[in-house]
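Asker: Please read through the structure below; I'll follow up with questions.
Throughout, read-outs are computed from the coordinates displayed, never taken from laboratory work. Bear in mind that the values here come from a model prediction, so they are computed numbers and not experimental data. Positions of Cβ are generated from backbone atoms using ideal geometry, with glycine treated the same way; all protein chains shown enter the neighbour counts.
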Amino acid sequence: MTVAIASLLSILGVVVGAFLQNYLARQNNEAKQLLESRNQAYIDFFEAVSLVVSAQRLGKKEQELEQLAKLTHAKTRICMFGEEQVVKRLATFWAAGATLETESEILAFTRFVIDIRKSLGLQDKGFLNAEVSQLLFAIKPLRD
């Protein structure tokens, strides 16, 4: 009787372990796919922004329209896959005008980039607003 109970418990333990491993592997895979989708949306967004700006500066209207379509597609994917704060920052940037010509647009875009970094799990030690603005827009930070 005791051997039968021990055998049954062993089999039950193996079955429960297999189901638990399968569940955890599926959860991990879903999280990985979400992160990959999110990362690709961010990359596509920034690529489209830079190509739109380049096309506008060069006066290439057809290329600009093509990149605006890609920008809209990337923006839609950010709305689908992005974290709440990133989507809010994107909306703030868009509401500010989304042309990167005014100070409020540049600040909104900079905050958007910083929130993307946070959403990707990057733990920045200091406030990067000035550094990001300087790198993206060649704006020299004010220092003491």
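Asker: Once every DSSP H run of n ≥ 4 in the chain is given -39500 (n - 2.57) and the sum is divided by its residues, what mean residue ellipticity at 222 nm do you get, rounded to the nearest 500 deg cm²/dmol?
Answerer: Calculated from helices alone, the mean residue ellipticity at 222 nm is -28500 deg cm²/dmol.
Asker: Excluding residues fewer than 8 places away in the same chain, name every one of the aspartates and glutamates whose C-alpha is closer than 17 Å to that of LYS32.
Answerer: Leaving aside aspartates and glutamates fewer than 8 places away in the same chain, those within reach of LYS32 are GLU83.
Asker: While we're looking at this one, here's another question. Can you compute the FRET efficiency between GLU47 and GLN27 using 1/(1 + (r/R0)^6), with r the Cβ-Cβ distance and R0 = 30 Å? Round to the nearest 0.05.
Answerer: 0.45
Asker: Of the labelled options [x] 96; [y] 127; [z] 139, which one gives volume of the Cα convex hull per residue in Å³ as computed for this structure?
Answerer: Looking at volume of the Cα convex hull per residue in Å³ for this model, the match is [z].
Asker: Sorted by mean Cβ packing within 10 Å, highest first, what order do the peptides 17-28, 47-58 take?
Answerer: 47-58, 17-28
Asker: Still on this structure, I have one more. Which whole-number percentage describes the relative contact order of the chain, with Cα contacts under 8 Å and a sequence gap of 6 or more?
Answerer: Here the relative contact order equals 15 percent.
Asker: Net charge around GLN40, counting only other residues with Cβ within less than 14 Å of its Cβ (Lys, Arg = +1; Asp, Glu = -1)?
Answerer: +2
Asker: A further question follows. Output wanted: per-residue J couplings in Hz (rounded whole) for segment 113-119, from phi through Karplus 6.51 cos²θ - 1.76 cosθ + 1.60, θ = phi - 60°, x for Gly and Pro.
Answerer: 4, 5, 5, 5, 4, 5, 5
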